[in-house]
1. Can you tell me which residue is surrounded by the fewest Cβ atoms within 10 Å (Cβ to Cβ) among those in region 484-503 that are over 20 Å from the mean Cα position of the chain (by Cα) and outside any loop (DSSP other than H, G, I, E, B)?
2. Given the residues GLY248, GLY269, GLY262, which is the only one that is at negative phi and part of a loop (DSSP other than H, G, I, E, B)?
3. Starting from residues that are among the polar types (S, T, N, Q) and in contact with a Lys or Arg (Cβ under 9 Å, 6 or more places away or on another chain), keep the ones in region 250-279 and report whichever is nearest to GLY220 (Cα to Cα).
4. If you scan region 194-231, which residues turn out to be surrounded by 13 or more Cβ atoms within 10 Å (Cβ to Cβ), closer than 30 Å to GLY560 by Cβ and within 32 Å of the chain's Cα centre (by Cα)?
5. Select from region 173-205 the residues that are at pLDDT below 95 and among the β-branched types (Val, Ile, Thr) and list them in ascending order.
6. Name the residue, out of GLN319, GLN302, GLN381, GLN373, that is under 22 Å from HIS603 (Cβ atoms), out of contact with any Pro (no Cβ under 7 Å at 6 or more places or on another chain) and either part of a helix (DSSP H, G or I) or at pLDDT below 95 (or both).
7. Working only within region 408-422, note down all residues that are without any contact (Cβ under 8 Å) to a residue 40 or more places away in the chain and surrounded by fewer than 17 Cβ atoms within 10 Å (Cβ to Cβ).
Amino acid sequence: MKATWTLLLGYSLIAVASVHAALPVQTTFTGAKSERTWTLKELNVELPSDWTGYEFFVLEFKASSSQRFDLGLETGKGRIAKRLGPFANVWVRAAIPLRFYRQPAGNGIDMAATFNQPRSSYWINIHTSNYGPLTDVTGITVATDRPVGSPTLEIRAVKLAQTDPGDAVLEGKPLIDEFGQYTRAEWSGKAHSLEALTHAWAAEETALKEAPTDRCPYGGFGKTQAKATGFFRVEQVAGRWWFVCPDGHLFYSSGVNGVGTGAGTRVQGREDLFAALPPANLAPSGRGGRSYGASFYTWNLQRRFGDDWRSKWAEFTQQRLAAWGLNTVHNWGAPSRNQPEPRVPYALMMRGWQTGRSVMGLPDVYAADFARQVEESAASQLTPFRDDPFMLGYFIGNEPPWPGRESQLCDAILGGQEGEIQKRLKAHLAEGDTLARRKAFVLAAFQHYLDTINAAVSKHDTNHLNLGIRFGGNPPDEVVKAARGFDVFSVNIYRYAPDPATFDRIYALVPRPILIGEFHIGVPERGLAPGLVQAMNQSERAVAYRYYVEQCAAHPALVGTHWFQWLDQPATGRNDGENYNIGFVDVTDQPYAELVTAARLTHGRLLEVHSGKAPPFNQKPRPSETGTP
């Protein structure tokens, strides 16, 4: 069902002409899909079709919901659309760089770094649709799939600009209260005072139940038995793959990413969006020490647990994880060795392979010192943890962004700094420059990259599992085949549930157990976007968790699913702009009761489901009031 639009847009061209709309207009998104296309003449007869001289498409708009929408430009060669994540219930000015429409995505190290683009009054994902010249723009499209609650969009001005006029929130500030909550929305459980929040925390601590009694100290199924080696390993039992814990119990990895104490958001240049800022000594930093501004979650942990908040948080989080049946964590790096951490099995994310300048995450793998640098990096990262029985294994990379973009990768290598990989590529293409030959070169370089890393990590740690690269989505056959040296094949799949045929295909190519490295489902509420997969409300998000995890567990090759992530992202966005409602807990450290209840139920069924003795949960979640997954 298409949205009903009434449109009158203001338009101005810098130093050319200015025409202003008399009134803002309002559109309501309804139905399974809302979409409207209008020609430039319908907008304003003076709007040019050739946008060559302009660098920014500037809108003033107000969205009633944080649900994402696609902003498409209709051209003679088709639609070019990019996805906007709006702040809810405030007028904003969004200066959208037209280079995102004209040019291919850049050379980010992984998919998120490539496609997410932070801005100050919204954020944009440039993965959607294609790109091309804007010399014959014929119209504009605004669209959204499965809108929740009939959200509205008002537009009161549109213009093209040669220079960046800046993004801005034009009213309704501050957007974030002292607890890190979005001010322009209300919801059940929202904290309006520290007294109310303290009462909610106390109620959870009283109600928190003990961990399931059938689990071993590692989170394995205590009534099962296999060979114990003192470290995690994998084994096929009766045709079904399992992790086996150090004590010899079958183990299915029900994991969660990002179990930490910080959730930073950028403050600089946006200070007026916040009612108050956390103390400077609580400023978050990444594993490499990179500052991410302000973390209200950290401030709330200090409020909750007092001066010794870090150790109390670790102890309480370990209790939560056990009670909820979550037996694995993954934090994109190594566990802290000088701060208290929950003592649960963990997956180590290894880095440091991108020596020198990498292109789309691929370094100069033919450089004379590449193998030496990889071995040194492997030794420094693995040595502190190689005797730790709580390490499930290690990932060696995350979501290479180049599959399907091999020709662009070659162009970037050819146009980059001199090096051995560039020299070899030039020689290779001198014998014939075709898409097929470019792809073959990239795949050979990638295979060399993996083989070098696999040799180094196996040399420096013989105790733990190589969990491979967490590939994104549905990697092509030739990329899957390159993963022959892994103990476990890992893949991040954001859907309501992966198609079993996807697992069958991967397993046929690389007969290794399969681990889901990331998935999530979110709701467009609390000033947060729904994430990559949407549910209608928190109850449906709980249904979605059960459906995804149990549908995966029913497949004999699967050995685990890791939810992304422990806590909601900040409403004003993390470092790359994402502001998803994807947490087990919110910014005030309150759990989502529906999700926790669903997780406990499903985790209690995993032994039977993965053994093939019980059917998986089969209720599909509702993404909105209309439509099905």
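The values are calculated or read from the model by the stated rules, or taken from the named source; none is laboratory data. Here the structure is a predicted model, which means the values were calculated and not measured. We place every Cβ from the backbone using ideal geometry, glycine too, and count neighbours over all the protein chains shown.
1. Here the residue is ALA501.
2. From the options GLY248, GLY269, GLY262, the qualifying one is GLY262.
3. The qualifying residue nearest to GLY220 (Cα to Cα) is THR261.
4. The answer is GLU204, LEU208, ALA211, PRO212, ARG215, CYS216, PRO217, TYR218, GLY219, GLY220, PHE221, PHE231.
5. The answer is none; no residue qualifies.
6. Result of the check over GLN319, GLN302, GLN381, GLN373: GLN319.
7. Within region 408-422, ASP411, LEU414, GLY415, GLU418 meet the criteria.
Listed here are the residues, each with its yes/no results for (1) over 28 Å from GLU594 (Cα atoms); (2) out of contact with any strand residue (DSSP E or B) (no Cβ under 8 Å at 6 or more places or on another chain); (3) at pLDDT 95 or above; (4) assigned to a loop (DSSP other than H, G, I, E, B).
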| position | (1), (2), (3), (4) |
| --- | --- |
| ARG505 | yes, yes, yes, no |
| ARG512 | yes, no, yes, yes |
| ILE516 | no, no, yes, no |
| HIS520 | no, no, yes, yes |
| ARG526 | no, no, yes, yes |
